[in-house]
Amino acid sequence: MAAHHALLIEDEIAARADLRAKLAAHPGVQIVGEVATVRQARERLAGADYDLVFLDVQLIGGDGFSLVPDVRPQARIIFTTAYDTFAVRAFEVNALDYLLKPIVATRLATAMRRLAEPAPEHDERASAAPAGGVLQFSDTVYLRDGLRARFAPVSQIAVIVAQDNYCHVQLADGSSVLMRKSLKAWEDTLPGDPFMRVHRTQIVNLTLVQRYERDRAEHTRLHVAGVAEPVAVSRDRWPELQQRLIRLRPQP
């Protein structure tokens with residue numbers, strides 16, 4: 001296995017020592033740095049001497065997920081956390097793996113074997129739904145477009161438009177991100193109540209629908225917050241869409 005240079009980002013001294021000791025059984029991994037706070041981590045991640053990061057979810061001064069955009073694109077991330085349900089919800093991140101603390105040696109060995117696999121191109125690994133099931137409407141999702149990355153509330157995803165193997169994720173603030181993730185994967189991941197596939201190429205956040213228009217030919221177009229162009233609705237999906245809009249916004 002090729003040699004890897006790892007950063008340990010962990011605010012608990014005992015947990016950091018435990019991980020260091022267990023990594024000693026993997027001579028292909030060399031620890032090149034250890035930090036405990038978000039501020040220290042952000043400064044250290046600006047370096048170029050690492051290709052692997054063990055990243056604690058909860059840190060002094062913030063959380064590990066906020067540091068993901070600071071990680072070199074060539075580096076792999078392994079999250080460490082004591083909170084299983086919290087971690088799996090956040091796995092829109094291009095993480096290699098996540099380890100529950102206290103870390104079990106056999107589980108670390110599994111992550112090391114995965115490290116030998118080639119890195120997914122354009123975050124293809126993030127195309128899968130989180131292992132813990134669908135996102136919740138109150139969750140935050142990680143969006144990565146090439147070298148740019150950001151976090152956004154699920155509730156602020158306005159429209160997702162399919163483009164071959166990619167999707168344009170349009171947000172309520174008018175911004176958008178192009179991601180390598182299929183519309184079907186998004187449909188399986190997003191909460192099914194407020195989000196609906198209104199067309200074979202588009203998913204809409206129904207809570208952000210401002211109004212809709214229907215013409216004599218029964219064509220329907222939705223006006224969605226943050227989206228410049230109206231969203232076309234398939235005719236066969238109009239009955240379900242109408243009922244769902246009524247449920248979300250009952251008439252007084």
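No lab work stands behind these numbers, since they all come straight from the coordinates. Quick caveat: nothing in here was measured; it's all calculated off a predicted structure. Note that we place each Cβ from the backbone using ideal geometry, even for glycine, and neighbour counts take in every protein chain shown.
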If the chain between SER66 and ASP173 were fully extended at 0.36 nm per residue, the gain over the current Cα-Cα distance would be 36.5 nm
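Which chymotrypsin sites (Phe, Trp or Tyr not before Pro) in the range 184-218 pass both tests, a DSSP loop state and at most 15 other beta-carbon atoms within 10 Å?
Details: sites: TRP186, PHE195, TYR212; in loops: none.
Answer by residue number: there is no such site.
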ALA105 and ARG249 label points (each 7 Å along its Cα→Cβ direction) are spaced in nm at 6.0
FRET efficiency for ARG200 and ALA46 from the Cβ-Cβ distance with R0 = 45 Å, rounded to 0.05, comes out at 0.55
Heads up, the range 197-252 by the C-alpha gyration tensor (a ≥ b ≥ c square roots of eigenvalues; a/c under 1.5 rounded, else a/b over b/c prolate, else oblate) looks rounded
Using alpha-carbon coordinates alone, the radius of gyration and Dmax of the range 4-119 in Å work out to 12.7, 33
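Compute the length gained on full extension between SER182 and GLU117: take 0.36 nm times their separation in residues and subtract their Cα-Cα distance, giving the result in nm to one decimal. Walk me through the intermediate numbers first.
On the way: separation 65, 0.36 × 65 = 23.40 nm, distance 2.24 nm.
Separation in residues times 0.36 nm, less the Cα-Cα distance, equals 21.2 nm.
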So for R0 = 35 Å, FRET eff. of GLN30-SER138 from the Cβ-Cβ r, to 0.05, ends up at 0.30
